[in-house]
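Asks: Quick one: this structure, given as structure tokens, is what I'll be asking you about.
We did not get these values from a lab; they are worked out from the coordinates using the rules stated. Quick caveat: nothing in here was measured; it's all calculated off a predicted structure. Cβ placement follows ideal geometry from the backbone for every residue including glycine, while neighbour counts extend to all protein chains displayed.
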Amino acid sequence: MSPYAELAPGLRRIVAPNPSMMTGPGTNTYLFGTDAIAVLDPGPIIESHLEYIQQKAAAPIRWILVTHTHPDHSPGAAVLADATGAELLGMAAPDGEHQDVTFAPHRLIADGDIIETDEIRLEAVHTPGHASNHLCFRHAGLNWVFTGDHIIDGSTVVINPPDGNMKHYLQSLERLRRLDCVAIAPGHGNVISDPERIIDWTIRHRLEREAKILAAVESTPDLTSMELVPKVYQDVDVKLYGWAERSLLAHLLKLEDDGIVTRDEQRWRR
């Protein structure tokens, strides 16, 4: 995957040099416009990456948007705003672990808000689930949706309670499907040209995993979420069990909210 790509007229992608098991090839930073630039998800504070964004912008950076405040997406935003004088836009960081507490938007944006310039029109779409403050952005001219970590290329995302919420995530996927976009530009990986297929696959995968969890709870009741992981995630490397447990717990909390399972001191049963 190239670190720099022109995806469409007035749309460029720069991949931050932060590849890992969780970020894939790195965090995607998107640049919109040619005369006045809007930047989406500047990523972590990596000086070379932030300098490269300014170099490739080749025009004043006026707006900086973030999809959510996880540490691989938003910390660079404040630094880039200080360097360029750009307006910082997004939702405030919620309380909890793995949040970028440095993110202090100049302007709070909410579902349905429009960011419009002479060249682009972006609509904010609130998609809680992976994070309670997660926003996607629909590019009206292209009918592409920039999905941050709501959907990524080549993998599923972790839903990490309490801020991550599986019920909200599935509802947000259904909403994304109704947008009827022609492409998804994810926060990690390449552009996805068949949105309906990947959205449907993600929903189906989550529900199949949920069915496995429920079957495991029924067959071996009174286990903790971590004790359930080997019974449900046989397809996952044991090194990833810690992250798998977070999504498993998110499913259990959804099932509890649905009135299907209950718990006693974190031990689960139908």
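Asks: Can you pull out the residues in the stretch 116-137 that are in contact with a strand residue (DSSP E or B) (Cβ under 9 Å, 6 or more places away or on another chain) and surrounded by 19 or more Cβ atoms within 10 Å (Cβ to Cβ)?
Replies: Initial filter on the stretch 116-137 (in contact with a strand residue (DSSP E or B) (Cβ under 9 Å, 6 or more places away or on another chain)): 116-117, 119-127, 130-131, 133-137.
Hits for the stretch 116-137 are I120, L122, A124, V125, T127, H130, A131, N133, H134, L135, C136, F137.
Asks: Please list, ordered by residue number, the strands (runs of 3 or more DSSP E) wholly in the stretch 74-142 having 2 or more residues that are more than 20 Å from R12 (Cα to Cα).
Replies: Details: elements: 87-90, 114-116, 121-126, 135-139.
Per the criteria, 121-126.
Asks: Quick one: in the stretch 52-72, of everything that is assigned to a helix (DSSP H, G or I) and touching a helix residue (DSSP H, G or I) at 6+ places or on another chain (Cβ under 9 Å), which residue is nearest to A36 (Cα to Cα)?
Replies: Here is the first cut: in the stretch 52-72, the ones assigned to a helix (DSSP H, G or I) are 52-57.
Of the ones still in play, those that are also touching a helix residue (DSSP H, G or I) at 6+ places or on another chain (Cβ under 9 Å) are 53-54, 57.
Numbers: I53: 13, Q54: 12, A57: 9 Å.
Residue satisfying both the conditions and the ranking: A57.
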